[in-house]
Structure formats: C-alpha cells, structure tokens
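Please treat every number below as a calculation from the coordinates, not as lab data. All values reported here derive from a predicted model rather than from experimental measurement. Virtual Cβ from ideal backbone geometry, glycine too; neighbours counted across all protein chains shown.
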Amino acid sequence: MEKFALKRESILNKIPTQLDPRQAFLIDGIRISFEIIEEELVLLEHKLSIFSTEDARPRISSLFTSVWNIIDSSARLKRMLESIGIFSIEPAMKNLFDEIFLVRHTFQHLDERIDELFIDKGNPILGQLSWTYSVSAEEIKMFMVKSGIDHKHNPQRISLNLLSNYRIGINELALTAFKRVGKKVFATTEIQFDSLIQNLNMLVEAIEARLENNNVLFSATAGFSNTRHWVGLVNQLNCSKASNGGPHINQSITYDDFGLINFEQT
C-alpha cells in the first residue's frame, strides 16, 4: 500500500504571512484535510494488517469507519482544491476526485435513497472493500468485506493486477460503492486507494512548490482584498508613498496554471 505523510517541515505547516487571511484559512483547511487522511490511512492499514493475519479481527464496521472518513475528507478536499485552481492541468486527477465526491455525496444522503437502491436491489449500504495481503513474494491472500460480512470463505470476483510488484503487507486496496448518476439511477464505481494516495502526494508537492516559489496563493472563486494583500506584501515589494500616504505600487500580475499569482515590480 502506498504511503502518504505530510512532512513536519512542510510549508503547509508554516503558512506564509504574505497570504491574504482568507487564503490562509483555505490553505489551513487543506492542511487539516491532508492530516486527517494521513491519520486514517495509517489506522486503516494497521487494522487491515491485523484482520489479514490474526484470528482476533477488528470489527468490520471499524474498517469502514476509516474508509469513509478518508472518502469524506477527500471529497471536502476536492472543493477546497477547486477554489485554488489546482485541477486545471491534471484532468485525470480531477476525474478521480469527482468520482470520490459522487460516492461520498450518495452515501451522505443515504437516508433519502435507501428505498431507491439498497432495499430494492439488496446492494451493500457501506460498499465492498477488497484487498490482498502479501505474506511473501510467493504467498498472497485475498480478502473482501461486504456490507459488514466477511467473505473470506465465500468465493467472490475480485480484480487484481497480478503484474504488480507487491510489497509485503496490504496491496490492491479498493472500495466498490455506488454513485447516483440520475433520478433513481445508480452506477458502481471503484476507488483504488493506491491511486488516491499517489494523487495526494502529487497535490502536496504541487501546492508546496507554488507556495515556496511565489509566496502568494490566489483563489479565483473566493476573490481577494487588495488592501490586505498589499499590507502582507509590503515587506517584499519596494513601495513608494502615494500622495495620500498609502503604499503606491506599480506591478504586473501573472497567473500560472495552478491559479497562483506572481508579482513583478515595474
């Protein structure tokens, strides 16, 4: 299973003072979402390892608690990332988070849709969780839990990438769940956790790089206050006094593909 961790020295833990306060709150929300996902992934991998190797297994509800906490935080993260334009150059990444959002939204409104799908068709309320556990290069165990039932001894169809170089431990972790695609119309979709974690790592690197290089983050949807921006930047830019005593700045502003702004003195 891929690893995800926000480094202690990450600039996300030391938000630049140049940021507009509203943008700072946005970045802090992104950081907290990353940390929640990180904590739940560590906990989930630990519980899955115990489930895969010991007779005294964690409750299946405990597995799904971590899984849906990760889905929920990832969906919330999607909205915040959209507001800084982070998906503008990564369509595949956007598609993944769009799927996660639809799955989360369907589950979040479960009380309204229980008769539409789950009772009529007998489908699992919490989805289906599957994974493999590599004991060694020669021995791989397959597991599935579905709607609170352990299917270890009940043959089920599981899609596996047998060409993968499995690590010892948890691999091929996936949640199969429903998304609502129309009125009383549902489709199944699969969330591959390794893919999610890889994208989370890329997101962290992208946001860190833009913050470190530009020191300023622009939110296209939230807007920003020029006055507060200039106060934050007064120590960076060479300002002259305007006739009214306020800062007078001649600058050109350019936007990169991530919605971040660069200031150039003119």
Checklist outcome for this item: Pairs over 30 Å Cα to Cα, from K146/K184; K3/K184; K7/K141; K94/K141, come to K3/K184; K7/K141; K94/K141
Checklist entry - Per q in 0.11, 0.13, 0.23, 0.25 1/Å, what log10 I(q)/I(0) does a Debye calculation on the alpha-carbon atoms of segment 1-95 return? => result -0.43, -0.57, -1.21, -1.30
Checklist entry - For the pair H109 and V135, how long in nm is the line joining their label points, each one 7 Å along Cα→Cβ? => result 4.6 nm
